[in-house]
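The values are calculated or read from the model by the stated rules, or taken from the named source; none is laboratory data. What you are looking at is a predicted structure, and each value in this text was computed from that prediction instead of being measured. Positions of Cβ are backbone-derived with ideal geometry, glycine not excepted, and every protein chain shown enters the neighbour counts. SASA here: full protein model, heavy atoms, side chains in, ligands and nucleic acids out. Shrake-Rupley method; radii C 1.70, N 1.55, O 1.52, S 1.80 Å.
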Amino acid sequence: MATTYTWLWTLLAFILTWMVFHLIKRKKVGTEETEVDAEETRDGEAHDVIIVGAGVAGAALAYALAKDGRRVHVIERDLKEPQRFMGELMQPGGRLMLAQLGLEDCLEEIDAQEIKSLAIYKDGKNDTLYFPDNKNFPYESAGRLLRNGRLVQRLRKKAASHANVQLEEGTVKFLIEEKGVVKGVIYKNSAGEEITAFAPLTVVCDGCYSNLRLSAVHNKVEVLSYFVGYVTKNTRLEDPHSMHLIFSKPLPCVVYQITSNEVRCAAEVPADSIPSIANGEMVNFLKKTVAPQIPDGNLRETFLKGVEEGLLEIKTTATKSMSAKQCDKKGVIVLGDAFNMRHPIIASGMMVALSDVLILRNLLRPVPSFSNTKKVLELVKSFYIIRKPMSATVNTLAHVFSEVLVATTDEAREGMRESCFIYLSSGDFRTSEMMAILGGMNPRPLSLVFHLVCITLTAMGHLLSPFPSPRRFWHSLRVFALALKMLGAHLGDEGLKEMLIPTNAASYRKSYMTTASDC
């Protein structure tokens, strides 16, 4: 009996000794590997992250990560002030994001103009829709109209002022990839020298014309139409605190104050029939087709004055749409217009980009080192879900709104267009809630779907009045089918589950309801 116990105790002691030995060995190996990795990072990688592009998203992310102690290398193709007429409205929700990132002062000293409302015009009718005072929105219910290039330069200056940021001019040619993991980039600097830069994380946010997007994710870009724009100088609108949206035919036009004495005028034209600027067709189109549909008075005078004075400054830019696709490649993230685009009619692209930056920064904050590519990839996958309430709400609204505003001779579509104007100008909770959604103050996809259904029912009722008939009933059914098509396609792109589950909206609110002091 004693012999049996002796053997058992001996066996147990052997097993315990073996386990302890291997645990110590494993821990030692892990420590050595960590030390080796850390040494390799110090020797071979001067930065923790490389950011390709210093637009709104890139510059904001650079500053945010630098404040968290990350060493950031930003490579921008052209550091001169951008000259573009997209991204000229910072919605109230976008201003909140800037504040959370510690960048709210970048809206100062650029002659930005306060915007409090959206003024809409259709067939002699008009109304002004104000951003509501929302007790659940922890910021001022007003946006800013501005020169996009001036904002970008302020953001770049703020980012470059941080000791952890290296900002340089250069063109990134390729992503360096080894065994499915992005290790850095190859770029040409301003002197024409080809340089290789390494970092455990590369963020691609080089805009809508990104040449690196396809190296990381396969997104399909669709050109929807074109916007023709110019600036009327030495002018101030009678209502400079509104974005003026005209339900013109065949496509809408907008007029708004971008500085204290400059007004942006822009008209949308179909992608397949752009009037020529060189032979005068564009000027004729603006004068004879668009201008007569703008309300007589200050707005029309401003519009025509700009056409006469800005013949050499008329520019066209494509309106693009691109659904966000998840990037499963380690060591790289895609952001901004390189990642997700929508029709610019609701002017919310910068707000979505800043929202993405804030979410991503908060997710990456606890990670000790970006060299842990597996951990970073897991966090990035959760980023795609958490961003949905804001991005899906904005993307869906932009898609539906751009479709509804197209003027046609189709009775069903025109009924939808008329009902959209009626619904927006109702003046009750419908107006305030739609403006809260537009301004990024209530990023809840379920709320948007509710209002889109209500607009559809309004259109059906409008077509059936004053009394139903077989023809009117048929067109009301067509309105219902059109709404299903517009909304259904986008629900499929954005993800039905991600858009409509309320817990996602709660997660999103938690991600950005951080005090500025915490940031």
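Annotations
- In this structure, the pairs whose alpha-carbon distance is over 25 Å, taken from 67/325; 173/220; 157/233; 183/388, are 67/325; 157/233; 183/388.
- Solvent exposure of segment 274-384 as accessible area per residue, Å², 1.4 Å probe: 40
- Residues whose placed amide H lies under 5 Å from that of residue 129, excluding near-sequence neighbours: 118, 119, 120
- Kirkwood's formula applied to the C-alpha pairs of segment 236-386 gives a hydrodynamic radius of 18.6 angstrom.
- Annotation for segment 87-123 versus segment 254-287: alpha-carbon center distance of 23 Å.
- Convex hull volume per residue, computed on the Cα atoms of the chain, equals 203 Å³.
- Size of segment 61-219 as Cα extents on the principal axes (Å, biggest first): 59, 37, 31
- Calculated log₁₀ intensity ratio I(q)/I(0) where the Debye formula runs over C-alpha points of segment 125-236, q = 0.11, 0.12, 0.15 Å⁻¹: -0.69, -0.79, -1.04
- Value of relative contact order over the chain, rounded to a whole percent, pairs C-alpha under 8 Å and six or more apart: 17
- The alpha-carbon atoms of segment 393-451 define a convex hull whose volume equals 74 cubic angstrom per residue.
- Cross-link table 179/381; 80/179; 80/288, entries beyond 26 Å C-alpha to C-alpha: 80/179; 80/288
- Computed log₁₀ I(q)/I(0) - Debye formula, equal Cα scatterers, no solvent, segment 394-511, q 0.15 Å⁻¹: -0.69
- The residue among 251, 228, 240 whose Cα reaches farthest toward the positive pole of the charge dipole of segment 222-318, with charges on the beta-carbon of Lys, Arg, Asp and Glu, is 240.
- Across segment 355-423, the convex hull enclosing all Cα atoms gives 106 Å³ per residue.
- Intensity falloff of segment 222-318 expressed as log10 I(q)/I(0), Debye formula with alpha-carbon point scatterers, at q = 0.13, 0.16, 0.21, 0.23 Å⁻¹: -0.39, -0.60, -1.05, -1.25
- In the chain, the portion of solvent-accessible area held by carbon and sulfur atoms comes to 57 percent [1.4 Å probe, whole percent, DNA, RNA and ligands not counted].
- Binning the alpha carbon pair distances of segment 433-472 at 5 angstrom intervals from zero yields the distribution 6, 22, 20, 14, 12, 9, 9, 5, 1, expressed in whole percent.
- CD proxy at 222 nm, helix term only [per DSSP H run n ≥ 4: -39500 (n - 2.57); per residue of the chain; nearest 500]: -14500 deg cm²/dmol
- Accessible area per residue for segment 202-241, computed on protein heavy atoms with a 1.4 Å probe, is 49 Å².
- A 1.4 Å probe run over segment 124-191, with the rest of the protein chains in place, finds 52 Å² accessible per residue.
- Mean separation of Cα contacts under 8 Å (6+ apart) over length of segment 394-511, as relative contact order %: 30
- When both bridge partners sit in the chain, DSSP labels roughly 70% of those beta bridges antiparallel.
- Most to least packed among 80-86, 456-462, 275-281 [average Cβ atoms within 10 Å]: 456-462, 80-86, 275-281
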